[in-house]
Each structure stands twice: as C-alpha cells, then as structure tokens.
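The values are calculated or read from the model by the stated rules, or taken from the named source; none is laboratory data. Because the structure is predicted, anything quoted here is derived from the model rather than measured. When we count neighbours, we look across all protein chains shown, and the Cβ atoms used for this are built from the backbone with ideal geometry, even at glycine. What goes into the accessible areas is simple: the full protein's heavy atoms, side chains included, and nothing from ligands, DNA or RNA. Shrake-Rupley method; radii C 1.70, N 1.55, O 1.52, S 1.80 Å.
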Amino acid sequence: MKNICILGSTGSIGTQSLEVCESQGFRIVGLSAHSNIELLAEQVKKYCPKKVCIFNKEKYEELKNLINDINVEILTGIEGLISLASMEECDVLLNSVVGMVGLRPTLAAIKAKKTIALANKETLVTGGELVMESAKENGVSILPVDSEHSAIFQSMQGNNKSQVKKIILTASGGPFFGRTKEELESVTLKDALNHPNWSMGAKITIDSATLMNKGLELIEACWLFDKSPDDVEIVVHRESVIHSLVEFDDNAVMAQLGVPDMKIPIQYALTYPNRFKCDTPRLSLTDCKNLTFFEADEDTFICLKACKEAIKRGGLYPTIVNGANEQAVELFLNGEISFLDIGKLVYGSLSIKYDVDDFDVDDILIADRLAREFVLSKK
Ligand code: NDP
Ligand code: MG
C-alpha cells in the first residue's frame with residue numbers, strides 16, 4: 001500500500017496514473033488541475049484525497065461548490081502545488097503537470113523526502129542540477145515516467161552505471177517525419193496535433209512534431225543518468241516499439257520494448273523494483289514485422305539543434321530554450337504564429353544574454369521570464 005499524490009491529475013499522464021493506482025490498490029492523498037474543475041471534482045469524489053489544488057484561483061469557488069459535501073482541503077496556485085507535493089501523508093509524488101511550473105513542487109517534495117515519479121520533464125530541463133543535487137542530499141529517488149527514460153532506467157538495472165558508454169534515445173519522428181522546410185510552411189495546428197503513435201496532451205504533442213520533445217528529453221537524460229550530451233545519440237524509430245537503449249563499454253546494447261502505452265512506464269515508476277500485471281496489450285513482434293531507424297533531421301527541426309546547443313552551453317540556456325518553447329507553443333496553439341515560427345523563436349532565444357554562476361530557483365524563474373518576453377516581442 002502506497003500513498004500517492006498526483007500533480008496534474010486531469011491530464012493525459014494524470015488520468016492514466018489514476019487508473020494504474022486503482023489497479024494496484026494505491027491510496028490517492030492529493031490531486032491537482034489547472035482549470036478543469038469538472039474532472040477534478042469527479043476525481044475528488046471517486047478517490048477522496050486529503051488535499052486538492054486548483055491552480056487557477058478564479059476556479060476556486062466553482063470547485064468548492066462542486067465538492068462542498070466532501071471533506072477535502074482545497075488549495076490554489078503555486079503555493080497549493082508546493083503544499084500538496086510536500087504533504088505528510090504522501091509517499092510518492094507523481095508530477096505530471098505540464099511546463100516548468102512543475103519545478104518548485106518537485107524541489108519541495110524532495111526536501112520533504114518523498115520518492116519522485118517524474119513525468120514533468122521540464123523540471124529536469126530547467127532545474128536539473130538543483131534537483132539531482134537535492135535528491136542526492138536527501139536520499140530521494142527520482143524514478144522516470146517518460147517512456148524513453150524509463151526504458152533507459154530499465155535497461156540499466158543490474159548493470160554498473162559507470163560502464164554505460166552511450167544512451168540511445170529513440171524518437172518517433174512525429175507527424176512530419178521526412179518533410180522539408182518548404183513542406184512545413186503550410187502545416188496546420190490540426191496536422192501538428194495528429195501524432196502517429198501516442199495520444200498525449202497538446203503541448204507535448206506539438207513538442208513531438210517540432211522534435212523539441214526529443215531535445216528536452218536529451219537534456220532530461222543528461223541529468224538523470226549523469227551523461228554529457230555527446231554521449232546521447234538520437235535515433236528516429238518510427239514504430240515506437242523500442243523505447244530507448246543503453247550501450248555499455250563492451251559494446252553490448254540493452255533495450256526495453258513494448259507497445260506504445262504510457263501505463264507501462266507509469267506503473268514501473270510506481271511499483272519499482274517490482275513488475276506486476278498491467279492491463280496493456282502484449283507486444284507481438286511478428287505483428288511489428290519491420291523496425292526502422294533513421295537519423296534525425298536537425299536542420300529542418302531546429303528545436304532539437306537549439307536544445308543540444310543549450311545543454312552544451314549549460315547554465316541557464318536549457319531554461320531559456322524551454323521557456324521560449326513554452327511561450328511559442330502557446331502562441332501556436334492559439335493560432336498566433338506558424339509551425340515553423342516555433343523553431344525560429346526557440347533557436348533565436350539562444351541570443352538572450354542571461355547567465356549567472358551558481359544559479360538558484362529565482363534565477364531560473366528570471367531566465368524563463370526573459371525567454372517568454374523574447375518570444376512575445378518577436379511574434
Ligand atoms: P496534459 O496537458 O494532458 O495535462 C497537464 C496537467 O497539468 C493537467 O492536469 C493540467 O490541468 C495541469 N496543468 C496544466 N498547466 C498547468 C499549470 N500552469 N499549473 C498547474 N497545473 C497545470 O499533459 P500531459 O499529461 O500530456 O503531460 C504532462 C507532463 O508529462 C509533461 O511534462 C509532458 O512532457 C510529460 N510527458 C507526457 C507524456 C504523455 O504521454 N502524455 C509522455 C511523457 C512525458 P487542466 O486539465 O486543468 O488543464
Ligand atoms: Mg518521451
């Protein structure tokens with residue numbers, strides 16, 4: 001029996017995580033959403049958590065009215081998320097909010113010595129160094145939920161981490177694999193939201209179409225597995241059957257395979273090191289027939305190039321490209337900029353001059369704000 005707190009419980013990862021918790025008989029002690037009070041209220045009625053957070057303060061009264069017969073503490077805003085993340089009753093914090101807003105709750109949960117099941121990759125992209133140091137200091141495990149990082153983590157089990165030579169991060173290539181820049185000029189929001197293999201929230205679906213997602217994952221992998229960006233190779237694998245691989249010093253390569261279903265990595269993070277029954281389809285290799293592999297086209301999908309450059313420069317540059325991307329994706333989702341503008345703005349944000357030695361969370365927040373302002377000034 002574990003007590004789980006889920007941040008972003010109304011999202012794609014959040015709702016699947018609740019199903020996993022239910023199947024494993026885990027108790028839900030905290031839930032949160034940004035604005036979706038209808039679904040959050042339903043979840044509160046079903047799972048009876050101790051605390052719930054509605055990030056958007058304007059929705060507080062409405063949520064309160066929907067659940068006034070339930071004994072639950074209602075919190076709001078970032079303070080609410082932080083309080084939820086560090087609540088006494090919680091054993092494992094599953095962080096599945098979208099965006100760098102997830103960073104401070106993750107840090108608070110680490111200080112409170114909670115095990116972290118991390119879906120929110122922006123946490124490590126922006127605060128990788130602070131998070132990993134604090135986790136070490138507090139003896140806390142960060143268990144990856146992102147399918148590629150879960151695959152890497154699984155492939156490393158039973159091996160000596162210091163003998164890992166390379167990480168091979170697979171990418172589906174998204175809906176626009178193989179297209180030229182000219183062909184991408186006219187793609188629409190609907191085209192970009194149409195991911196071939198995975199059903200996910202809007203922001204990460206756009207990130208998959210621009211390959212920003214793979215760039216963010218490269219940065220995430222460097223922090224999680226203590227590797228330099230040159231030790232992480234990206235390979236486009238259209239079928240999303242091999243979720244990533246690890247190459248060891250003796251050139252042996254270990255991989256994790258499975259149907260593309262997030263419940264497998266979510267459950268592994270919650271039940272690690274155990275492997276229990278999971279209600280996903282089995283992988284049939286004979287149905288797969290062909291597994292294909294290609295190089296990623298960084299000249300067309302320049303978000304990936306920008307992320308590589310950012311992690312190589314280090315400091316606050318990963319935060320800057322991430323912030324620029326969060327803002328640019330929001331504009332694209334609102335129909336205010338074109339698909340190719342996202343890459344131009346993200347790459348352009350590398351021209352921002354803001355870097356300080358020994359940065360803290362406040363510096364990360366400033367760098368994030370500067371990147372967003374940069375994008376808004378250029379749109
Ligand atoms: P969704 O957009 O589906 O869900 C996001 C969740 O976070 C929702 O509960 C949403 O609330 C809440 N939320 C959104 N914005 C804020 C905010 N500013 N403050 C507080 N809460 C907020 O996202 P996904 O589930 O797809 O992704 C979540 C994270 O997991 C991302 O970092 C993504 O990169 C990562 N991830 C996702 C995968 C997937 O398959 N979906 C795979 C691997 C990683 P509301 O519903 O009210 O808007
Ligand atoms: Mg992933």
Report summary line: Per the filter on the range 106-137, residues of a type in the set (A, V, I, L, M, F, W, C) and either more than 23 Å from residue 11 (Cα to Cα) or assigned to a loop (DSSP other than H, G, I, E, B) (or both) are 112, 119, 130, 131, 132, 135
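Listed here are the residues, each with its yes/no results for (1) more than 13 Å from ligand 2 (Cβ to nearest atom); (2) within 25 Å of residue 14 (Cβ to Cβ); (3) out of contact with any Phe, Trp or Tyr (no Cβ under 9 Å at 6 or more places or on another chain).
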{"position": "189", "(1), (2), (3)": "yes, yes, no"}
{"position": "200", "(1), (2), (3)": "no, yes, yes"}
{"position": "209", "(1), (2), (3)": "yes, yes, no"}
{"position": "213", "(1), (2), (3)": "no, yes, yes"}
{"position": "220", "(1), (2), (3)": "no, yes, yes"}
{"position": "223", "(1), (2), (3)": "yes, yes, yes"}
Query raised in the report: Quick one: would you say residue 198 is out of contact with any Pro (no Cβ under 6 Å at 6 or more places or on another chain), surrounded by 15 or more Cβ atoms within 10 Å (Cβ to Cβ), in contact (Cβ under 8 Å) with a residue 24 or more places away in the chain and among the hydrophobic types (A, V, I, L, M, F, W, C)?
Result: no
Query raised in the report: If you check residue 137 against the conditions, is it in contact (Cβ under 8 Å) with a residue 60 or more places away in the chain and either open to solvent by 40 Å² or more (accessible area, probe 1.4 Å) or in contact with a Gly (Cβ under 7 Å, 6 or more places away or on another chain) (or both)?
Result: no
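Can you tell me which residue among 373, 336 is outside any helix (DSSP H, G or I), open to solvent by 40 Å² or more (accessible area, probe 1.4 Å) and charged (D, E, K, R)?
Numbers: 373 fails: outside any helix (DSSP H, G or I).
Sole residue among the options that is outside any helix (DSSP H, G or I), open to solvent by 40 Å² or more (accessible area, probe 1.4 Å) and charged (D, E, K, R): 336.
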Requested in this report: Quick one: which helices (runs of 4 or more DSSP H) lie wholly within the range 3-105 and hold at least 3 residues that are touching a residue at least 40 places away in the same chain (Cβ under 8 Å) and under 18 Å from residue 265 (Cα atoms)?
Outcome: 12-24
Query raised in the report: Looking at residue 21, is it open to solvent by less than 60 Å² (accessible area, probe 1.4 Å), within 11 Å of ligand 1 (Cβ to nearest atom) and modelled with pLDDT of 95 or more?
Result: no
Query - Odd one out for residue 178, checked against (1) of a type in the set (Gly, Ala, Ser); (2) out of contact with any strand residue (DSSP E or B) (no Cβ under 9 Å at 6 or more places or on another chain); (3) away from ligand 1 (no atom under 16 Å from the Cβ) - result: (2)
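One line per residue, one yes/no per condition, for (1) open to solvent by 30 Å² or more (accessible area, probe 1.4 Å); (2) in contact with a Gly (Cβ under 6 Å, 6 or more places away or on another chain); (3) under 27 Å from residue 200 (Cβ atoms); (4) away from ligand 2 (no atom under 16 Å from the Cβ):
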site: 27; (1), (2), (3), (4): yes, no, yes, yes
site: 30; (1), (2), (3), (4): no, no, yes, yes
site: 36; (1), (2), (3), (4): yes, no, yes, yes
site: 47; (1), (2), (3), (4): yes, no, yes, yes
site: 52; (1), (2), (3), (4): no, no, yes, yes
site: 64; (1), (2), (3), (4): yes, no, no, yes
site: 74; (1), (2), (3), (4): yes, no, no, yes
site: 88; (1), (2), (3), (4): yes, no, no, yes
Requested in this report: Might you check whether a residue that is acidic (Asp, Glu), away from ligand 1 (no atom under 11 Å from the Cβ) and closer than 30 Å to residue 316 by Cα occurs anywhere in the range 51-66?
Outcome: no
Query raised in the report: Has the range 180-202 got any residue that is within 22 Å of the chain's Cα centre (by Cα) and closer than 22 Å to residue 232 by Cα?
Result: no
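Check 119, 108, 151 and return the single one that is among the small types (Gly, Ala, Ser), open to solvent by 10 Å² or more (accessible area, probe 1.4 Å), within 13 Å of ligand 1 (Cβ to nearest atom) and within 21 Å of the chain's Cα centre (by Cα). Quick ask: steps written out before the conclusion?
Details: 108 fails: within 13 Å of ligand 1 (Cβ to nearest atom); 151 fails: open to solvent by 10 Å² or more (accessible area, probe 1.4 Å).
Result: 119 is the single residue among 119, 108, 151 that is among the small types (Gly, Ala, Ser), open to solvent by 10 Å² or more (accessible area, probe 1.4 Å), within 13 Å of ligand 1 (Cβ to nearest atom) and within 21 Å of the chain's Cα centre (by Cα).
Can you name every residue in the range 339-370 that is of a type in the set (Val, Ile, Thr), closer than 12 Å to residue 320 by Cβ and open to solvent by 30 Å² or more (accessible area, probe 1.4 Å)? Walk me through how you get there before you give the answer.
Filtering the range 339-370 for residues of a type in the set (Val, Ile, Thr) gives 342, 346, 352, 356, 361, 364, 366.
Cutting the leftovers down to closer than 12 Å to residue 320 by Cβ gives us 346, 352, 364, 366.
Scanning the range 339-370 gives a single hit, 366.
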Query - Residue list for the range 215-248, restricted to those being open to solvent by 10 Å² or more (accessible area, probe 1.4 Å) and under 25 Å from residue 341 (Cβ atoms) - result: 234
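Do any helices (runs of 4 or more DSSP H) entirely within the range 187-299 hold 2 or more residues that are of a type in the set (Asp, Glu), and if so, which? Spell out the reasoning first.
Numbers: elements: 189-192, 202-210, 212-225, 263-271, 285-288.
Because the criterion is at least 2 residues that are of a type in the set (Asp, Glu), the helices (runs of 4 or more DSSP H) in the range 187-299 that meet it are 212-225.
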**Report entry** Of all residues in the range 146-169 being within 14 Å of ligand 2 (Cβ to nearest atom) and touching a Lys or Arg at 6+ places or on another chain (Cβ under 9 Å), the one that is farthest from residue 9 (Cα to Cα)
**Finding:** 167
